[in-house]
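Only one structure is covered here, and it is reproduced in the block below.
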Amino acid sequence: MIKPRVGRMFLATCVGSFFILILYFQTISRSASEQISGRNSFSVKSGRSPLQTLQENDQLEQSAVQATLQGRRELLEETCHTHTRKRRVLSPEDLRHLIVDDKHKLLYCYVPKVACTNWKRVLMVLTGDGRYREPLAIPANEAHIAGNLRSLSEYSTADINKRLRTYLKFIFVREPFERLVSAYRNKFTRSYNTAFHKRYGTKIIRRHRADPQAEALEKGNDVSFEEFVYYLVDPQTQREEPFNEHWERVHSLCHPCLIHYDVVGKYETLEQDSRYILKLAGAEGEVKFPATSKSTRTTGDMAAKFFDNISPFYQKKLFNLYRMDFLLFNYSVPAYLKLR
């Protein structure tokens, strides 16, 4: 693997009609006429794409937010270089989490349980040609209807590579175990999620509960967090089928060592990072990212309580499962884990 530098060479080829190797070339060199120096500025010039604006702003004296985001990007690239030994081939299916906004030249890889509903709402406003005006007026279930937003997987190989080369690519990530606990709480402890209970709960109970009651086997609506962990670390689980996207690892959903993300936003700094992206896109006048409610948010302290009943043996197995997400996005090992 070539170590990422300021000028990054990526090649893009298609193998048959199903496979795409995404290694593309991005340059951030600028002619003298394009450079601006000597002041701390954030300008979105007319005719500039968000990616060009980001690259130009990288040449300026940076604000704290810009410096933080550049640091995340560089750390991600360095970690990929250290821990990835070879490139792999991506299929169009691997690109289905990348949402395209052709009007503003944005590519967003959505990660469930990391404010993806609100980002989908925002993109529906930006791409809806006036059909939508206020993100929170869009019902959550409507934001997740497949046809409302375009996926990069729907484009031709040439169009995929053009967008990867010229659009601003961004992702939002979250502390892996907070995200995991949030997924468990939402999918297994809410009475309305009967589809998840039937689809996954019944399987988990059948496989990981001693002497389950008939009602539990039928409804699957009382899965414990401990049983959920057993299911995740059980090798048979992934042999049968891929993880559901709500608990799949971010590096498996968005492939950050194959796709160069220009902005790595974090759930912990969601509002400021979202404002920055909308400003890069010149869209801050069109839509505001919705403020999120903190009352029901899964926190680190809450996650710690869920791990109280997980043995050190299974804590370590679970950490190893999500280890790359911790490394790639610079999250520390949670203090509540007993890994030794």
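On average, how much accessible surface per residue is there in the chain, in Å², for a 1.4 Å probe, leaving out ligands, DNA and RNA?
Values: 16500 Å² over 340 residues.
Accessible area per residue: 49 Å².
Using the per-residue mean of other Cβ atoms lying within 10 Å as a proxy for protection, in what order, highest first, do the peptides 109-118, 318-327, 220-229, 62-71 fall?
Working: 109-118: 21.8, 318-327: 17.6, 220-229: 19.9, 62-71: 15.1.
With the highest mean Cβ count within 10 Å placed first, the list reads 109-118, 220-229, 318-327, 62-71.
Of the accessible area of the chain, with the probe set at 1.4 angstrom, what percent is carbon plus sulfur? The partial results should precede the final answer.
On the way: 8340 of 16500 Å².
Solvent-exposed carbon and sulfur of the chain make up 51 percent of the total.
Helix 157-166: angle to the longest alpha-carbon principal axis of the chain, degrees 0 to 90, nearest 10?
Here the helix axis deviates by roughly 70 degrees.
What nm value, rounded to one decimal, do you get for the distance between Glu240 and His83 when each label is placed 7 Å out toward the C-beta?
The answer from the label model is 2.7 nm.
Can you tell me the orientation of helix 312-328 relative to the chain, as the angle in degrees between its alpha-carbon axis and the longest Cα principal axis, to the nearest 10?
With both axes taken from Cα atoms, the answer is about 10 degrees.
Using alpha carbon coordinates only, what is the Rg to Rh ratio of segment 268-340, with Rh defined as the Kirkwood radius? Can you show the working numbers first?
On the way: Rg = 17.2 Å, Rh = 15.1 Å.
We get a ratio of 1.14 for segment 268-340.
In what order, largest first, do Arg297, Arg340 sit by accessible area if the probe radius is 1.4 Å? Write out the running numbers ahead of the final one.
Numbers: Arg297 50, Arg340 270 Å².
Order by accessible area, largest first: Arg340, Arg297.
Given the Cα atoms of segment 49-99, and with Rh set as the inverse mean 1/r over their pairs in the Kirkwood sense, what is Rg to Rh to two decimals? List each step's numbers first, then the result.
On the way: Rg = 14.8 Å, Rh = 13.6 Å.
The Rg/Rh ratio comes out at 1.09.
To the nearest 10 Å², what's Arg150's accessible area with a 1.4 Å probe?
Rounded to the nearest 10, the figure is 110 Å².
The values are calculated or read from the model by the stated rules, or taken from the named source; none is laboratory data. Model, not experiment: these values are computed from the prediction. In this analysis, Cβ positions are derived from the backbone assuming ideal geometry, glycine residues included, and neighbour counts consider all displayed protein chains. SASA here: full protein model, heavy atoms, side chains in, ligands and nucleic acids out. Shrake-Rupley method; radii C 1.70, N 1.55, O 1.52, S 1.80 Å.
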